Each structure stands twice: as C-alpha cells, then as structure tokens.
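Every number in this text was worked out from the coordinates using simple rules, so none of it is lab data. Just so we're clear, the structure is a prediction, and the values are computed from it rather than from any experiment. Note: ideal-geometry Cβ built from the backbone for every residue, glycine included; neighbour counts use all protein chains shown.
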Amino acid sequence: MEIRIVLALCVVLCGALCGKSLSDSARRRAETLGSIIEAVRRLRVRMTGMFEPVQSALQHADSPLFIAVADGMKGGRSAGEAWEIVRDKAGRRGGPAEYLLKEDRQALTELFTDLGQSGREEQDLLLGGVLQALEALHTTALAKAGEANRLYMTLGLLIGLMLALIVI
Amino acid sequence: MDVDFVFRIAGIGVIVTVIAQLLTRAGRDDIAMLATLSGLLIVLLMVVNQISDFFTSVRSLFSL
Amino acid sequence: MILKVAALCVAVAMICSALRLQRPEMATAVSLAAGLAALTLLYGEISRATRWVDAFRELTRGDEDLSTAVLKAAGIAVVAELGGQLCTDAGEMALAGRVALASRVAMLSLCAPMLAELSQLLRSALS
C-alpha cells in the first residue's frame with residue numbers, strides 16, 4: 001500500500017515537472033528579451049556616450065546576438081544587412097534568438113535597419129525608442145511566462161494525478 | 001470489481017473537469033474539448049470491461 | 001450489505017451532482033460504474049435468491065422449462081431495469097423506452113411456447 005502511494009506521488013511529481021519544462025519557452029523568451037535590453041543599454045552608452053563605431057559597440061555589448069551581427073558586418077556590410085543574414089540562423093534551435101517571437105524580431109529589425117545610419121542625436125532617439133518597445137515586450141513576456149508556468153505546472157500535476165489513478 | 005474502482009472513475013471525472021476548466025479559462029477551448037473527450041474515452045474503456053464482466057455473470061446466473 | 005450499497009450510492013450521487021454541472025457525460029459514466037459496483041456487491045444475495053428457483057422446481061415436479069423461464073424472466077427484468085434507468089439518468093428517455101420495449105419483447109418470446117401450450121390445453125379442455 002505504501003509503495004503504491006509513493007509511486008503515485010512520484011508520477012504526480014513527474015507530471016508537474018513535465019509541465020514546468022513545457023512552460024520553459026515562455027520563460028526563456030522573457031530572459032532573452034531581458035538580456036537584449038541590457039545589451040541595447042550598453043550599446044547606447046558606447047555609441048552615444050563614448051562615440052564608438054557601430055561594429056565595435058556591437059562587439060562589446062556582451063550579447064551573443066549582437067556579436068553575431070557585428071561579425072556579419074565584416075566585409076563592409078551595414079547593421080541592417082548583417083541582421084538580415086544572421087536573423088534566420090539565430091532563430092534556429094540553439095541560436096541566441098531561438099525563443100523570440102515575431103514581434104520581438106520586428107523590434108530588432110527596426111533597431112538594426114537604422115543603426116549607424118544617422119547622427120548621434122538620431123541614434124540616441126532610435127535606441128531610446130527601441131528600448132521602450134523592448135521593455136514593453138519584456139513586461140508582457142514576463143506576465144505570459146508566469147501565467148504559462150502556473151498553467152502548465154497545474155496541468156502537468158493534474159495529468160500526473162490522473163495517470164496515478166488509472167495505473168496505480 | 002471492488003468499490004475502489006468507482007471512486008477511481010469519480011476521481012478521473014473530477015480531474016478531467018478541472019483540466020477542462022483550466023484550459024477554457026486560458027482560452028484554449030479546442031484543447032479543453034480534446035481533454036474532455038480523452039477523459040471520457042479513458043473512463044468508458046475502464047467501464048466497458050466491467051460491463052462485460054457484469055453481463056457475463058448475469059447471463060450465467062439467470063441462464064440467459 | 002444494504003448499508004454498504006446505500007453508502008456507496010449516496011456517496012456517488014453527491015459526486016455525480018457536482019460533476020453534472022460541468023460534465024454531465026462524466027456524471028453518467030460515474031453513475032454507471034456505481035450501478036455496476038452496487039450490483040456486484042448484491043451478487044451474493046441475488047445468487048442466493050436464484051437458489052429459491054430450485055424449491056420452485058420441486059413444486060413444478062421437474063418441469064425444467066418452467067423454472068428456467070422464470071429465472072430468465074428475472075434476469076431480463078434486472079438487465080432492462082439497469083439499462084432503462086441509466087438511459088433515463090443520462091436524459092435519454094426515448095432510449096430507456098426502447099430498452100423497456102426490448103425487455104417486453106424478450107419476455108414475450110420467452111413465454112410464447114408456454115402460451116401456445118396453455119391455449120392448446122384450453123382448447124382440448126373446451127372441446
């Protein structure tokens with residue numbers, strides 16, 4: 001009898017953990033957006049405060065995605081062209097933009113298209129606007145991650161309980 | 001058949017109801033419908049065996 | 001025995017009343033399972049009752065057909081009652097009516113040879 005109860009508890013726990021892992025993508029999206037926001041802040045400081053060139057600033061923004069774009073700029077390409085090349089690869093499994101949604105990539109496209117294409121003040125405005133947009137996306141991503149985490153964990157728990165009832 | 005079986009089915013019914021409610025609240029009505037149908041299928045599969053045993057025993061008892 | 005069956009049915013009735021609000025089909029399945037469980041609990045008592053047919057057989061002086069017919073009729077009644085009530089619980093009154101009709105037809109076909117024998121007996125008695 002005790003073994004059955006222990007087994008049932010194990011099944012329920014496994015269900016909850018499976019549910020938690022399913023909600024992983026929502027959490028990773030929020031984390032990725034958070035790190036991109038930090039990188040854009042560093043980029044803003046380097047470009048508008050320290051007058052660093054775009055490619056160098058992207059290299060030092062401490063973000064795998066921005067470093068990939070900086071590498072793509074070798075050979076004289078603009079940030080926008082480099083982003084077009086890097087975007088699909090970065091969005092694949094294991095890439096730095098794997099968990100980003102369409103609207104997140106749209107915000108990044110708007111950033112890279114105009115990056116380094118105008119004067120200091122316009123670049124400051126551009127980076128400020130993109131930061132605002134990314135922060136709004138980050139807030140909704142955090143809310144959705146919390147919601148998804150609760151939903152999938154509860155669903156996993158309930159399905160584990162059901163399996164325990166059926167099998168044990 | 002023991003009485004535990006009945007409460008097992010009742011437990012599954014309650015869990016399926018809660019799952020369907022959760023999914024409906026999360027806006028996934030189609031998955032909620034699938035969950036309800038799956039739960040019903042599982043319960044019916046469990047009950048069908050018992051029905052078959054019951055009718056076999058009635059048949060033998062009453063020589064039908 | 002009766003306490004067990006009553007307790008089981010009351011407990012399941014309360015569960016079903018809660019389930020019926022959200023998932024009526026689940027409530028039907030649960031009440032079906034409970035009905036079967038209750039009848040299984042009663043199995044011992046029912047099988048004891050069917051042994052009374054042996055006493056009835058003694059009275060009919062070895063008329064096997066008669067005692068078998070009585071037993072079969074009882075079985076048909078039990079099955080029809082269960083099926084009909086389950087259909088009614090599920091809200092399918094028409095289906096419950098079909099089950100009742102089927103049980104009447106089955107009992108009639110069971111009694112037909114006896115009715116034929118009876119009418120022949122009456123005819124021979126009257127002629």
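So the values come out like this:
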item: Principal axis box of segment C:1-93, alpha-carbon based, largest edge first, Å; result: 57, 29, 12
item: Between helix A:79-91 and chain A: long-axis angle, C-alpha atoms, 0 to 90°, nearest 10; result: 10
item: Residue B:48 versus residue A:56: modelled label distance in nm, points set 7 Å from Cα along the beta carbon direction; result: 7.4
item: Highest-MSF residue in chain A out of A:93, A:29, A:41 [GNM, Cα springs under 10 Å]; result: A:93
item: Loop trypsin sites (Lys or Arg not before Pro), segment C:34-127 (other Cβ atoms within 10 Å of the site Cβ: 11 or fewer; DSSP); result: C:51, C:61
item: Folded to 0 to 90 degrees: helix A:2-22 orientation relative to chain A principal axis, Cα; result: 20
item: Computed magnitude of the charge dipole of chain A (debye, nearest 20; Cβ of K, R +1, Cβ of D, E -1); result: 520
item: Listed residues A:49, A:131, B:12: farthest to the positive end of the dipole of the protein assembly as shown (Cβ charges); result: B:12
item: Approximate spin-label separation residue A:110-residue C:88, in nm, with each point projected 7 Å along Cα-to-Cβ; result: 6.7
item: Size of electric dipole in the protein assembly as shown: Cβ of Lys, Arg +1 and of Asp, Glu -1, about Cα centre, debye, nearest 20; result: 260
item: Efficiency of FRET from Cβ geometry, residue A:45 and residue A:10, R₀ 45 Å, rounded to 0.05; result: 0.35
item: Potential lengthening between residue A:98 and residue A:85 on full extension [0.36 nm per residue; Cα-Cα distance subtracted]; result: 3.1 nm
item: Calculated FRET value between residue A:1 and residue C:112, using beta carbons and R₀ = 51 Å, to 0.05; result: 0.40
item: Base-10 log of normalised Debye intensity for chain B (one unit scatterer per alpha-carbon) at q = 0.12, 0.18, 0.23 Å⁻¹; result: -0.43, -0.70, -0.90
item: Simple Cβ-charge dipole of segment B:4-62, Lys/Arg +1 and Asp/Glu -1, about Cα centre, in debye nearest 20; result: 40
item: Positive-end extreme of charge dipole, the protein assembly as shown - chosen from B:42, C:43, A:141 (charges on Cβ); result: C:43
item: Percent RCO, i.e. relative contact order, over chain C, from Cα pairs under 8 Å lying at least 6 residues apart; result: 18
item: Charge dipole of chain C about the Cα centre (unit charges at C-beta), most positive-ward option of C:18, C:111, C:77; result: C:18
item: Proximal aspartates and glutamates relative to residue C:4, as straight alpha-carbon distance under 15 Å, when same-chain residues fewer than 8 apart are discounted; result: B:2, B:4, C:45
item: Ratio Rg/Rh [Cα only; Rh per Kirkwood] for chain A; result: 1.20
item: Helix B:4-25 vs. chain B, principal-axis angle (Cα, 0 to 90°, nearest 10); result: 20
item: Among A:50, A:153, A:73: highest mean-square fluctuation, GNM of chain A, C-alpha pairs under 10 Å; result: A:50
item: Percent of Cα pairs exceeding the 26 Å cut-off, where the set is the protein assembly as shown; result: 68
item: Rel. contact order, % - alpha carbon contacts under 8 angstrom, at least six apart, segment B:4-62; result: 31
